[in-house]
Structure formats: structure tokens, C-alpha cells
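Have a look at the structure below before the remarks.
A short reminder: the numbers here are calculations on the coordinates, not readings from a lab. The model shown is predicted, which means the values in this text are computed figures rather than measured ones. For neighbour counting, all protein chains shown are included, and Cβ atoms are generated from backbone atoms with ideal geometry for every residue, glycine included.
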Amino acid sequence: MTTRISVALMAALLVLYLVLVGQRAVLFLATGEPVAIAIGIALLLLPVVGVWALTREILFGVRAEKLGRLLESSNELPDDELPTRPSGRVERDAADEIFPRYKAEVEAAPTDWKAWYRLGLAYDGAGDRKRARSAIREAIHLHGR
């Protein structure tokens, strides 16, 4: 629940920031000066990109959480009890040891969204966020078919 509150707070702050930037952009456009108009146009693009990025990230989180709940409800989440550091992060060596099992699972069933989701969790445990997000995106894509 704390994560949801944090995300909502960050999203609200980003929206506030984007509104303020948008207001400044309009003020620059209203001056009629060529340089100010160029700055205003550039500032208008920032809120558009910001809203797009925020929407994309929130949708990713919602969809990934939904898939996680589906796996949890069917008791198909990995049950590997891996040692953690004092910070709570999984020890990378332990995550690296179990990683090949999840990779083989995806290779055996490349259209199984559950295998891709578990692979994403294994990547995350190994500290490879980029590949973790990519694998979970693939799970979301396959589940939507």
C-alpha cells in the first residue's frame, strides 16, 4: 500500500509540475517575441512527453501487478526463498543460481506469459532492471492476446 501512496504522490507532483510548465509556456507564447514563442513551444512539448511517460509507467505497473496477482492466486509465483541483504534486496549470487531455470522455462514455452513473468522476476532478483521490465512487458503482451 505504501508503494501505491508513493506513486500517487509522485504522479500528483508531476502533474502539478506539468501544469505549471504549461502555464509558463502559454505566457511565453503570448509575448509575441520569436525567441519567447520558440521557448513556449518547447515548454509545451515537455508536458505532453511527461503525461505520455507517466501514463505509460502507471499502466505498466497496473498491468504487471494484475499479472502478479493472477499468478499468486493460482499459486504459480516462484517460491524460491533467496537470502537477502540487510537492505532487503536479494543477494545477486543466489538469484544468478536460479536464473537458468526460468530462462529454460521461457525457451521451452515462448508464448507462455507466466514463464515470461517469472523470468522478469528472476531478472529483477539478479539486479537487471532493464531485462526484467522487458520480460514483464512481454508477459503483459502475451496475456493480452
Cα long-axis angle, helix 2-30 against the chain (0 to 90 degrees, to the nearest 10): 20 degrees
With angles folded into 0 to 90 degrees, how steeply does helix 113-125 sit against the dominant principal axis of the chain? Use alpha carbons for both and round to 10. 80 degrees
Between 0 and 90 degrees, rounded to the nearest ten: what's the tilt of helix 92-108 against the longest Cα principal axis of the chain? 80 degrees
Once amide H atoms are placed 1.01 Å from N in the peptide plane, what residues at a sequence separation of 5 or more from Arg89, or on another chain, have their amide H within under 5 Å of its amide H? none
For a bin width of 10 Å, list the pair-distance distribution of the chain built from all Cα-Cα distances, rounded to whole %. 11, 28, 26, 17, 12, 6, 1
Mean residue ellipticity (222 nm) of the chain, computed from DSSP H runs ≥ 4 via -39,500 (n - 2.57), nearest 500: -28000 deg cm²/dmol
When only C-alpha pairs under 8 Å and at least 6 residues apart count, what is the relative contact order of segment 1-62, in percent? 30 percent
Can you list the lysines whose alpha carbon sits under 16 Å from that of Lys103, skipping same-chain ones fewer than 8 residues off? Lys114, Lys130
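With an 8 Å Cα cut-off and a minimum separation of 6 or more residues, compute the relative contact order for the chain in percent. Each step should come with its number before you reach the end.
Values: 125 pairs, mean separation 22.4, N = 145.
Once divided by the residue count of the chain, the mean separation gives 15 percent.
If we sort 3-10, 125-132 on the protection proxy, mean other Cβ atoms within 10 Å, highest first, what's the order?
Numbers: 3-10: 10.8, 125-132: 15.8.
Averaged packing, sorted descending, gives the order 125-132, 3-10.
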